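The values are calculated or read from the model by the stated rules, or taken from the named source; none is laboratory data. Since we're looking at a predicted model, the values are computed, not measured. Backbone-built Cβ (ideal geometry, glycine too); neighbour counts: all protein chains shown.
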Amino acid sequence: MQESDKLFAYAVTRVGDRHTAEDLVQDVVIAAWEKRSGFDGRSMLGTWLIGIMKFKILDHYRAKKRNPTSMAVEMIEDEDWGSDPFNQLFDGQGAWKIDPNYGMEAFTETPVDDAKRHDILRAVRACMDGLPERLRLLFSLRELDQLPVSDVAAAAGVTAGSAAVLLTRARHQLRACLQRQHIAP
Amino acid sequence: MSCNHSSSPKPPLSYRIAHFLMGPFMKMAGLSCRHFAELCSNEMDRPLSRGERFRYRFHAMMCRLCRPLPLQFAKLGEAVSCCPMPAPTIGEGVTLDEAARDRILRSLELVSEKDDQTK
């Protein structure tokens, strides 16, 4: 049970809801018990449990979207995907309306010290919280958990093609949000 | 999430002049900054086709303003994946409460009892 708080915190950051996260921890603990013979000790226990948690989170979203839709992005435009950041960042010819590097110095400098990293993480978290729910889900499964686009798409209930378009949208919304926050170098 | 960049400066004058003159051609050829920004994200999810790769490299070579974009996206991904994210809106230091802990323990006991019975 020592790992349960870590698992819980991990689940909460992905599903954003205490009760669902508690259920997921319970599922993981039971699955880990049932598969305990498969744990060979080569990885840390926590890492192994987080691995199981990733699948449980995917299952959770798949169950919510039991009928993966083949809708194109245009058809789900009015859903909770947020507005297209490209229309606000680029003009009709596809040229920048604003300087894309202003306020982004912290993201082009290397290396980044710990204090700066903490600022960046806080800003990223704040901007992620501002993303529409399903866009946040897509982005966090892809970037935090490094899951393949096909799995991420299945979890969000869209086709892989639409997931790629939506991931692009999420990244640009986040980038634009971070630019507004202007983390000083 | 609105995208109000009223405080951000416009791109440099040289960029605006170049795009005023070349913009329509760049857009037609799929070489605009917008196309490049899309390709920057696409390459994080899948390998680019040969044509896309050419357009990506060509644009990166000639557009000083867009050149840092891939690094910005890489840093964003790095920042997100390398460190534990701060807890979300429900509060810092998120932990299981006692009731949930008991419930999980009970369910684990039930499963282990079933295990023993089958053995």
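Before moving on, here are some points about what is shown:
- Complete set of residues in segment A:164-185 that are in contact with a helix residue (DSSP H, G or I) (Cβ under 6 Å, 6 or more places away or on another chain) and more than 8 Å from every other protein chain (Cβ to nearest Cβ): A:V165, A:L166, A:A170, A:Q181, A:I183, A:P185
The rows are residues; the columns are (1) at the interface with chain A (Cβ under 7 Å from one of its Cβ atoms); (2) among the small types (G, A, S); (3) more than 21 Å from A:A160 (Cα to Cα).
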{"site": "B:A18", "(1), (2), (3)": "no, yes, yes"}
{"site": "B:M22", "(1), (2), (3)": "no, no, yes"}
{"site": "B:S32", "(1), (2), (3)": "yes, yes, yes"}
{"site": "B:E52", "(1), (2), (3)": "no, no, no"}
{"site": "B:M61", "(1), (2), (3)": "no, no, yes"}
{"site": "B:R64", "(1), (2), (3)": "no, no, yes"}
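Residues are listed down the side, and each one gets a yes or a no for (1) surrounded by fewer than 20 Cβ atoms within 10 Å (Cβ to Cβ); (2) modelled with pLDDT of 85 or more; (3) on the phi > 0 side of the Ramachandran plot:
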| site | (1), (2), (3) |
| --- | --- |
| A:E22 | no, yes, no |
| A:L58 | yes, no, no |
| A:R62 | yes, no, no |
| A:P85 | no, no, no |
| A:D99 | yes, yes, no |
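- Restricted to segment A:104-154, and to residues there that are in contact (Cβ under 8 Å) with a residue 40 or more places away in the chain and facing chain B (nearest Cβ under 7 Å), the residue that is surrounded by the fewest Cβ atoms within 10 Å (Cβ to Cβ) is A:G130.
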